[in-house]
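Values quoted throughout were computed directly from the atomic coordinates according to the rules given, and no laboratory measurement underlies them. This is a predicted model, so every value here is computed, not measured. As a convention, Cβ positions derive from the backbone with ideal geometry for all residues, glycine included, and neighbour counts pool all protein chains shown.
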Amino acid sequence: MDDAVFNEENGQLTIPTDRSLIQLNEICRTYDVGTDPQPVLHQVSLSVTRGQSCAIVGSSGSGKSTLLNIIGLLDQPTSGHILLDGQDITHASPEARAITRNQTIGFVFQSFNLLPRLSALDNVALPLLYRGYERQAARRAAQREIERVGLAKRAHYIPADLSGGQRQRVAIARALIGKPALLLADEPTGNLDSGTAKEILSLLLSLNREQGVTLVVVTHDERMAQQMQRCLRVEDGRLHES
Ligand SMILES: Nc1ncnc2c1ncn2[C@@H]1O[C@H](COP(=O)(O)OP(=O)(O)OP(=O)(O)O)[C@@H](O)[C@H]1O
Ligand SMILES: [Mg+2]
């Protein structure tokens with residue numbers, strides 16, 4: 001603990017570890033359903049270094065989304081600790097967690113989660129508007145991001161006028177616009193046909209390889225899991241690596 005640093009602004013203790021971007025220490029997550037507590041994750045420990053790509057696999061209901069939501073600070077463990085970039089964020093305030101989420105993490109979901117009335121461009125710009133950017137600056141950055149995912153010609157379309165694969169590209173551009181170190185995706189190809197799924201997979205892999213974005217992807221797709229550097233399986237509440 002000699003190297004621990006106390007940050008007076010956010011009241012948190014930073015403990016330098018290895019170069020882990022994500023560190024989970026003995027995470028348990030139990031849901032209270034009626035009087036019957038339902039354990040979902042049990043003593044899960046994991047360390048992911050910057051630039052790695054990881055698949056999370058496991059049967060339906062095994063706890064993959066629960067685990068991803070804990071890593072993404074959308075949910076809190078019942079016990080155990082989560083450190084992001086060496087900072088223990090387990091008991092940070094909702095505001096501090098929201099700031100870390102906004103600055104460090106991009107999310108992609110199976111159902112895209114785009115706002116239906118906004119154009120692709122404005123959907124992508126949204127995270128920067130939340131950060132307080134001027135509208136024009138946010139739109140310029142969004143245009144660059146839309147081009148990066150190969151959708152320059154569709155920037156002004158609303159989601160309903162885009163294909164599933166194009167909507168997922170918009171969602172990926174939106175997840176990346178804040179330059180997150182970590183991209184979390186929950187079954188990003190679950191709603192796509194196999195050809196489109198392959199395109200989205202290569203886009204994610206190229207972001208990992210060329211820009212060093214750390215990738216954690218929940219998937220049922222064996223082909224996708226095989227392309228990641230690491231494959232983590234959730235089974236009976238525990239995490240196994242194969
Ligand atoms: N808010 C909740 N309240 C109670 N139980 C929950 C809640 N969320 C999830 N669960 C339970 O936790 C278990 C794991 O759910 P989770 O969504 O993490 O599974 P999953 O592995 O992502 O499944 P799938 O592949 O179907 O998406 C399930 O049994 C589910 O019913
Ligand atoms: Mg799930």
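Sequence gap at least 6, Cα distance under 8 Å: using those rules, report the relative contact order of the stretch 12-138 to the nearest whole percent.
Details: 154 pairs, mean separation 34.0, N = 127.
Here the relative contact order equals 27 percent.
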Relative packing of 230-242, 114-126, 71-83, 32-44, which averages over residues the other C-beta atoms within 10 Å, highest first
114-126, 71-83, 230-242, 32-44
0 to 90° range, to nearest 10: angle between helix 194-211 axis and the chain longest Cα axis:
70 degrees
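Hey, got the dipole for the stretch 5-241? About the Cα centre, +1 on K and R Cβ, -1 on D and E Cβ, debye to the nearest 20? Mind showing how you got there, number by number?
Working: 25 positive and 25 negative charges, 211 e Å.
Value, rounded to 20: 1020 debye.
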Rounded to the nearest 10, the angle in degrees between the Cα long axis of helix 120-130 and the longest principal axis of the Cα atoms of the chain comes to 40 degrees
With eigenvalues of the C-alpha gyration tensor scaled by 5 and rooted, the stretch 5-241, Å
29, 22, 17
Under a straight-distance cross-link criterion of Cα-Cα below 14 Å, which aspartates and glutamates are reachable from LYS64, leaving out those fewer than 8 residues away in the same chain?
ASP75, ASP186, GLU187, ASP221, GLU235, ASP236, GLU241
The chain: relative contact order as a whole-number percent, Cα under 8 Å and 6+ apart
26 percent
Work from the charge dipole of the chain (Cβ charges, +1 for Lys and Arg, -1 for Asp and Glu, about the Cα centre) and give the residue of PRO188, LEU74, LEU21 farthest towards its positive end.
PRO188
Could you give the angle, 0 to 90 degrees to the nearest 10, between helix 94-104's Cα long axis and the longest principal axis of the Cα atoms of the chain?
60 degrees
